[in-house]
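Accompanying notes for the structure given below.
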Amino acid sequence: MVIVIIKICKYYFNVRRFMRPLEYLKELSFPRMGGSDSETKASRMITEWLTEFGYSPQIEKFDIYTYIPGRGSLKPLDTSLSEIPINPVGLSADCDMAKEIILLNIPEPEWAEKDELKNKIVLMPHPPRRKWVSLLVESNASAGIIVVDDIRIRAYRTLGQEVARDFGEKIPLATLGYKYAIGLINENVRRVHIKTEHKRFDGNSQNVIAELAGESERTIIITAHYDSTPSSPGAQDNAAGTVELLQLAKKLAGNKFYRNIRFLFCGAEEMGLLGSKAFVRNHIHELRNVDFLINLDVGGNPIAPVMLRTLGTDNLEHFIGGILKSKNCPAQVESDIYSSDGMPFARFGVPSVSIARAGINSRGHSPYDDYWQVSNRALMEIVDCAEIVLSAIADAKVLPFQRTIADEMMKKVDEYFKERE
């Protein structure tokens with residue numbers, strides 16, 4: 001009897017029980033790069049909070065190839081311009097070289113004159129995806145310098161795991177801020193010395209999983225990634241989605257639906273959806289029972305409208321749009337792919353909706369994505385939106401839309417992974 005009373009008192013007097021989502025978000029707003037100690041710290045925080053809500057969360061580790069962000073420099077050799085800071089692209093080769101530099105601003109790799117790139121440092125606006133990295137390697141370029149928005153001068157890009165495996169040690173890559181690139185072009189710089197260095201190693205990340213048991217074997221997964229890019233506190237992207245998912249778990253604790261509700265907090269999303277890929281790989285035989293997935297990625301901006309991207313068929317888009325309208329929940333609903341953790345599930349025919357709010361004053365993937373940009377009201381509006389969608393499906397004996405993905409959408413999914421793997 002005494003033990004029961006103590007447990008009840010602990011529950012009702014636990015300060016965290018009364019915390020608002022924004023307070024959780026402030027605690028999570030620190031860089032949480034995939035495979036880092038800080039990402040592990042975040043996973044433990046999430047596990048602790050879920051336990052306080054009454055769940056028995058599980059941690060599933062998975063292997064990744066990761067790195068410690070480094071530094072680099074670019075020194076123009078034929079002008080009086082000062083040395084310029086550059087950032088190594090994670091998992092690419094390091095270098096210390098002096099070479100001719102050339103601008104490559106073509107729209108697609110097939111436009112390239114490969115002989116012109118040979119033994120040169122290539123300045124380009126394109127992200128380090130397979131087709132561009134492959135072009136540099138096949139052309140025997142010496143290195144690639146990727147121009148990024150000035151707000152991301154201190155941010156880091158990372159090669160996808162498969163691209164790193166195939167090309168990472170073959171080509172040095174780095175990022176350079178737009179204002180510095182303009183200076184190089186205006187000064188007609190022809191030769192530069194670049195140096196980059198960062199540590200690469202085999203490590204691991206982890207997913208955190210909690211479940212609300214239902215009455216059947218059918219399942220709905222609700223997911224959010226809790227990692228961030230290396231230099232970013234990751235408030236909007238994606239501590240926001242993480243605390244929205246925590247809030248849903250807190251609100252739903254103790255309920256029982258027809259379908260199981262699985263809360264999936266993914267690690268290492270920013271390194272190429274590695275957490276969701278690992279979950280799909282480890283639970284592949286369970287996917288036939290997964291009817292639907294709700295993904296929460298990027299949130300907290302009170303100015304931006306709520307945006308939903310459905311990945312399935314037209315009747316999924318119409319169903320979700322209709323149910324939100326009937327509940328007077330203003331949101332923009334469109335059918336399209338969304339670059340986040342719903343994508344690996346789509347490969348196995350699991351339809352999904354991604355819910356986000358971003359746009360004006362976006363600071364994602366930068367050191368400026370901090371908690372002061374986030375509103376508690378904005379977080380709760382997405383929680384309410386997600387709960388409306390979930391409630392309309394969780395207890396339905398017959399799924400109110402087709403559990404399939406249209407052919408034209410699957411083509412987009414295939415093309416998405418072809419570019420990145």
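Regarding the range 209-227, can at least one residue be identified that is assigned to a strand (DSSP E or B), closer than 25 Å to I284 by Cα and among the acidic types (D, E)? Explain how you work it out, then say what you get.
Start the filter on the range 209-227 by keeping residues that are assigned to a strand (DSSP E or B), which leaves 209-212, 219-225.
Filter again for closer than 25 Å to I284 by Cα, leaving 209-212, 219-225.
Add one more test, that the residue is among the acidic types (D, E), and what stays is 211.
Within the range 209-227 (the criterion being assigned to a strand (DSSP E or B), closer than 25 Å to I284 by Cα and among the acidic types (D, E)), the answer is yes, since at least one residue qualifies.
Could you please find all residues in the range 390-413 being free of Cβ contacts under 8 Å to residues at least 12 places away in the same chain and of a type in the set (D, E, K, R)?
Listed by number, the residues that qualify are D407, E408, K411.
Each row is one residue, and each column tells you yes or no for (1) over 17 Å from the mean Cα position of the chain (by Cα); (2) buried (at least 24 other Cβ atoms within 10 Å of the Cβ); (3) within 27 Å of M19 (Cβ to Cβ).
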{"residue": "G234", "(1), (2), (3)": "no, yes, yes"}
{"residue": "L245", "(1), (2), (3)": "no, yes, yes"}
{"residue": "I261", "(1), (2), (3)": "yes, no, yes"}
{"residue": "R281", "(1), (2), (3)": "yes, no, no"}
{"residue": "H285", "(1), (2), (3)": "yes, no, no"}
{"residue": "V306", "(1), (2), (3)": "yes, no, yes"}
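Sub-6 Å Cβ pairs linking a first residue in the range 207-218 that is under 30 Å from T40 (Cα atoms) to a second residue that is crowded, with 17+ Cβ neighbours inside 10 Å and charged (D, E, K, R), at least 6 apart or interchain, are E211/R262; G214/R259, ordered by first then second residue. Please go through the range 174-207 and pick out each residue that is touching a Cys at 6+ places or on another chain (Cβ under 9 Å) and either in a helix (DSSP H, G or I) or of a type in the set (A, V, I, L, M) (or both). Listed by number, the residues that qualify are A174, I194.
If you check A239, A249 for being of a type in the set (G, A, S), touching a strand residue (DSSP E or B) at 6+ places or on another chain (Cβ under 7 Å) and at negative phi, only one passes: A249. Taking the conditions (1) in contact with a Lys or Arg (Cβ under 9 Å, 6 or more places away or on another chain); (2) on the phi < 0 side of the Ramachandran plot in turn, H365 satisfies each one other than (2). Residues that are farther than 27 Å from G54 by Cα and either in the same structural domain as S352 (by TED's automatic domain parsing) or without any contact (Cβ under 8 Å) to a residue 60 or more places away in the chain (or both) occur at least once in the range 248-271.
In a residue-by-residue description of the range 307-317, the property of being more than 21 Å from Q402 (Cα to Cα) and part of a loop (DSSP other than H, G, I, E, B) applies to no position. The numbered conditions (1) surrounded by 14 or more Cβ atoms within 10 Å (Cβ to Cβ); (2) in contact (Cβ under 8 Å) with a residue 40 or more places away in the chain; (3) out of contact with any strand residue (DSSP E or B) (no Cβ under 6 Å at 6 or more places or on another chain) are all true for G72 except (3). Just name the residue that is surrounded by the most Cβ atoms within 10 Å (Cβ to Cβ) out of those in the range 213-223 that are under 17 Å from F279 (Cβ atoms) and of a type outside the set (S, T, N, Q). For the range 213-223, the residue satisfying everything is I221.
For the range 52-171, the strands (runs of 3 or more DSSP E) that sit wholly inside it and include 3 or more residues that are hydrophobic (A, V, I, L, M, F, W, C) and under 28 Å from the mean Cα position of the chain (by Cα) are 58-76, 121-124, 143-148.
Applying the set (1) surrounded by fewer than 16 Cβ atoms within 10 Å (Cβ to Cβ); (2) more than 23 Å from F62 (Cβ to Cβ); (3) in contact (Cβ under 8 Å) with a residue 60 or more places away in the chain to W111 leaves exactly one unmet item: (3). Tell me which residues, restricted to the range 333-357, are surrounded by fewer than 20 Cβ atoms within 10 Å (Cβ to Cβ) and out of contact with any Phe, Trp or Tyr (no Cβ under 8 Å at 6 or more places or on another chain). Listed by number, the residues that qualify are E334, D336, F348, G349.
What number of residues within the range 118-140 satisfy the criterion of being of a type in the set (A, V, I, L, M, F, W, C), buried (at least 21 other Cβ atoms within 10 Å of the Cβ) and over 22 Å from G183 (Cβ atoms)? The qualifying residues number 4. Figure legend. Inter-residue proximity from the range 21-36: first residues under 19 Å from Q206 (Cα atoms), second residues outside any loop (DSSP other than H, G, I, E, B) and acidic (D, E), beta-carbon distance below 8 Å, spacing 6+ or different chains. Indicated pairs: R32/E39; M33/E39; M33/E270; G34/E269; G34/E270. Scanning the range 80-108 for residues that are farther than 20 Å from V192 by Cβ and either touching a Lys or Arg at 6+ places or on another chain (Cβ under 6 Å) or surrounded by 18 or more Cβ atoms within 10 Å (Cβ to Cβ) (or both) yields a total of 2.
The values are calculated or read from the model by the stated rules, or taken from the named source; none is laboratory data. What you are looking at is a predicted structure, and each value in this text was computed from that prediction instead of being measured. Note that we place each Cβ from the backbone using ideal geometry, even for glycine, and neighbour counts take in every protein chain shown.
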